[in-house]
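Have a look at the structure below before the remarks.
The values are calculated or read from the model by the stated rules, or taken from the named source; none is laboratory data. Quick caveat: nothing in here was measured; it's all calculated off a predicted structure. When we count neighbours, we look across all protein chains shown, and the Cβ atoms used for this are built from the backbone with ideal geometry, even at glycine. The accessibility values were calculated without ligands, DNA or RNA, using every heavy atom of the protein model including side chains. Shrake-Rupley method; radii C 1.70, N 1.55, O 1.52, S 1.80 Å.
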Amino acid sequence: MGKGKKKAGPTGKKITLKLAKNSLRMTADGKRRLDLSNMGIAAFPKCILKLADVDELDLSRNMLQKIPDYIEDFKNLRWLDFHSNRIETLPETIGQLENLCYLNLCNNKLTAASLPLQLGQLKKLRHLNLGMNGFECLPSTLAALKELQELGLFDNHLTGLPENIANLPKLMKVNVKRNPFLQTRGEEDIDTIQRLECLYLVNEDSLCKPCLKKCKEERDKLDRLKHFAPSARKLTFQGLLTPNSTAQETQEEWR
């Protein structure tokens, strides 16, 4: 008896080099972007290795399940968008993209175990979107991203925000909307961390009442976020994975 056939995955659209070349765009600041978004692609098109010198690569809103190891060949990438696919893990070689500043992995099937330690090697990364995935906790490797300014974590299963990540030196904004630790603590709008380049120390009696009240509210908000501990109660949400047809909303959600 012959061996059973493996279950076939989605077929998807075949991308040719000619089609890929026709999808090259020039950005406003003169960078080359390869836009293969929303094309029904189920497998990373190997032919685009011939265009590996692009500065930006958009493969969002497709059916990709895997990012290949040879992603490391795209040495010039500063901007990489895989939002709204079916990706379950990242290759270790993603850490070789030393020029990467923007990485969007929103609306996939990622967990803490999906992120390799090498992600922490992205020393220039400033924007990282992990919203709408399956994270219950965050890997320690994120604490190595010292240049990170914005972090999207909305619509996951997070039970807390680790202090070593909340205290990243340049982190300006964290979106943690619709995670269990906010609901279990009765919080509604703790979605950002604002940091000032200049900090002035004044006595409380030097402030007017509205300013003093505002300062105390902001300090209390940061203190609550800092000291959140994982909850023993594990919550789940129905419909965590959003269809690709609504994926355009995810670009604005974490801003």
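Annotations for the structure displayed:
- Within the range 46-65, the residues that satisfy the criterion of being open to solvent by less than 10 Å² (accessible area, probe 1.4 Å) and in a loop (DSSP other than H, G, I, E, B) are VAL54, LEU59, SER60, ASN62, LEU64.
For (1) basic (Lys, Arg); (2) more than 27 Å from THR159 (Cα to Cα); (3) in a strand (DSSP E or B), each residue gets a yes or a no:
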| residue | (1), (2), (3) |
| --- | --- |
| GLY12 | no, yes, no |
| LYS21 | yes, yes, no |
| ILE41 | no, yes, no |
| LYS75 | yes, yes, no |
| LEU80 | no, yes, yes |
| SER84 | no, no, no |
| ILE87 | no, no, no |
| ASN99 | no, yes, no |
| LEU110 | no, no, no |
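- Apart from one condition, LYS146 fits all of (1) at pLDDT 95 or above; (2) under 13 Å from the mean Cα position of the chain (by Cα); the exception is (2).
- Number of the exception - MET172 against (1) in contact (Cβ under 8 Å) with a residue 24 or more places away in the chain; (2) within 25 Å of ASP29 (Cα to Cα): (1)
- Candidates LEU168, LEU153, LEU138, filtered to the one that is closer than 27 Å to ASN62 by Cβ and either touching a Phe, Trp or Tyr at 6+ places or on another chain (Cβ under 6 Å) or open to solvent by less than 10 Å² (accessible area, probe 1.4 Å) (or both): LEU153
- Odd one out for ASN99 among (1) in contact with a strand residue (DSSP E or B) (Cβ under 8 Å, 6 or more places away or on another chain); (2) at pLDDT 95 or above: (1)
- For the range 23-39, the set of residues classified as assigned to a loop (DSSP other than H, G, I, E, B) and without any contact (Cβ under 8 Å) to a residue 12 or more places away in the chain consists of ALA28, ASP29, GLY30, listed by residue number.
- Residue in the range 118-130 that is touching a Cys at 6+ places or on another chain (Cβ under 7 Å), open to solvent by less than 30 Å² (accessible area, probe 1.4 Å) and in a strand (DSSP E or B) present: yes
- Checking ILE71 against (1) open to solvent by 10 Å² or more (accessible area, probe 1.4 Å); (2) assigned to a helix (DSSP H, G or I), the condition it does not meet: (1)
- Residue match in the range 70-87 (condition: of a type in the set (Asp, Glu) and in contact with a Lys or Arg (Cβ under 6 Å, 6 or more places away or on another chain)): no
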